[in-house]
Amino acid sequence: MNLPIIVTIDGPAGTGKSSAASELAMRLGFDMLDTGAMYRAVALLSIESAIDPADEAALAVAMDRSQLSVDFSSRPPAIQLNGRNLHERIRDADVTQIVSLIASHHEVRVRLVQAQREVAAQHERLVTEGRDQGSVVFPDATVRIWLDARAEVRAHRRSEELRLRGEQVDEARVLAEIIARDASDRGRSEGPLRKPVGADSIDTSNLSFAAVVDDLERLVRRRLHEANVGCGCGGGA
Ligand code: DC
């Protein structure tokens, strides 16, 4: 019998985590969970239900009345609220503006941490990506990785993404927002953004996307081999 394998990838915004995690999962034949999308879905719930994003108790009630799920049959897996696929709506500016505040609430985090553990219990080969996956949610994960990059590089990447979406971009402002969001994610008492103790680090500042995924794949296969864990994912691990 194969034992469950969880690979966690954490790090600040703009390191290329989501795309790299998605590509890594595909190469290994694993499922992939984007936990930032879950926080974004709760932010959208607050907007659509006209709940003040600072009102933690009202958000908790709304979450308990709603069904947040992940449809693993689409690629990449799609986040759903009450059975509705939220698509790219969760990436819009109004959601991005309030999501850090939403993610600072204890009542929100306990619910999403539980939902993430439920997903892991049903997906025995999982790459999960976020801010607290290796430190809080899955501290015993088989492989825990921290992805980082200089703030200027992350701001440039985020600006390019926005330009591709047809938006006008002031890169200096994007940099200021990234620095502010990092400080807020690092400084909060609930699930703060920090490198998990003992995690492997990769700095993506000077690496192409393909090189990041290659490094991740090599690292994961090496760690699985060292841990004597067979993943059935080819290539020797
Ligand atoms: O990765 P992202 O930009 O989609 O994340 C959205 C927000 O959710 C961001 O402010 C960090 C927060 N987040 C978190 O607190 N914990 C996670 N596991 C994932 C995301």
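The values are calculated or read from the model by the stated rules, or taken from the named source; none is laboratory data. Only a predicted model underlies this, so the values are computations on that prediction, with no experimental measurement involved. Cβ placement follows ideal geometry from the backbone for every residue including glycine, while neighbour counts extend to all protein chains displayed.
Hey, can you tell me all the residues within the stretch 158-209 that are modelled with pLDDT of 90 or more, of a type in the set (Lys, Arg) and farther than 29 Å from Val108 by Cα?
Arg163 - this is the single residue of the stretch 158-209 that is modelled with pLDDT of 90 or more, of a type in the set (Lys, Arg) and farther than 29 Å from Val108 by Cα.
Being touching a residue at least 60 places away in the same chain (Cβ under 8 Å), more than 14 Å from the ligand (Cβ to nearest atom), basic (Lys, Arg) and surrounded by 16 or more Cβ atoms within 10 Å (Cβ to Cβ) is true for just one of Arg125, Arg131. Which residue is that?
Details: Arg131 fails: more than 14 Å from the ligand (Cβ to nearest atom).
Going through Arg125, Arg131 in turn, just one is touching a residue at least 60 places away in the same chain (Cβ under 8 Å), more than 14 Å from the ligand (Cβ to nearest atom), basic (Lys, Arg) and surrounded by 16 or more Cβ atoms within 10 Å (Cβ to Cβ): Arg125.
A quick yes/no check of all residues on (1) part of a helix (DSSP H, G or I); (2) farther than 16 Å from Gln133 by Cβ:
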{"residue": "Ile6", "(1), (2)": "no, no"}
{"residue": "Met26", "(1), (2)": "yes, yes"}
{"residue": "Ala37", "(1), (2)": "yes, no"}
{"residue": "Ala50", "(1), (2)": "no, yes"}
{"residue": "Leu59", "(1), (2)": "yes, yes"}
{"residue": "Asp64", "(1), (2)": "yes, yes"}
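Against the definition (among the aliphatic types (A, V, I, L, M), out of contact with any Lys or Arg (no Cβ under 9 Å at 6 or more places or on another chain), under 27 Å from Thr142 (Cβ atoms) and in a strand (DSSP E or B)), how does Val119 come out, yes or no?
no
One residue is enough: does the stretch 184-200 have a residue meeting the conditions surrounded by 15 or more Cβ atoms within 10 Å (Cβ to Cβ) and on the phi > 0 side of the Ramachandran plot?
Yes: the stretch 184-200 contains one or more residues that are surrounded by 15 or more Cβ atoms within 10 Å (Cβ to Cβ) and on the phi > 0 side of the Ramachandran plot.
Do you know which residues across the stretch 199-223 are within 13 Å of Lys17 (Cα to Cα) and among the β-branched types (Val, Ile, Thr)?
Selection gives Ile202, Thr204, Val212, Val213.
Which condition number in (1) within 26 Å of Ala25 (Cβ to Cβ); (2) surrounded by fewer than 18 Cβ atoms within 10 Å (Cβ to Cβ); (3) in contact (Cβ under 8 Å) with a residue 60 or more places away in the chain is the one that Ile178 fails?
So the condition that Ile178 fails would be (2).
Go through the stretch 2-31 residue by residue and tally those that are under 22 Å from His225 (Cα atoms) and within 13 Å of the ligand (Cβ to nearest atom).
Taking the stretch 2-31 and keeping what is under 22 Å from His225 (Cα atoms), we get 2-10, 20-31.
Of the ones still in play, those that are also within 13 Å of the ligand (Cβ to nearest atom) are 8-10, 20-22.
Residues meeting the conditions: 6.
Just need a number here: residues in the stretch 23-41 that are touching a Pro at 6+ places or on another chain (Cβ under 9 Å) and in contact (Cβ under 8 Å) with a residue 60 or more places away in the chain.
Final tally of qualifying residues: 5.
Kindly evaluate Met26 against the criterion of being surrounded by fewer than 17 Cβ atoms within 10 Å (Cβ to Cβ) and over 12 Å from the mean Cα position of the chain (by Cα).
Details: surrounded by fewer than 17 Cβ atoms within 10 Å (Cβ to Cβ): yes; over 12 Å from the mean Cα position of the chain (by Cα): yes.
Yes: the conditions hold for Met26.
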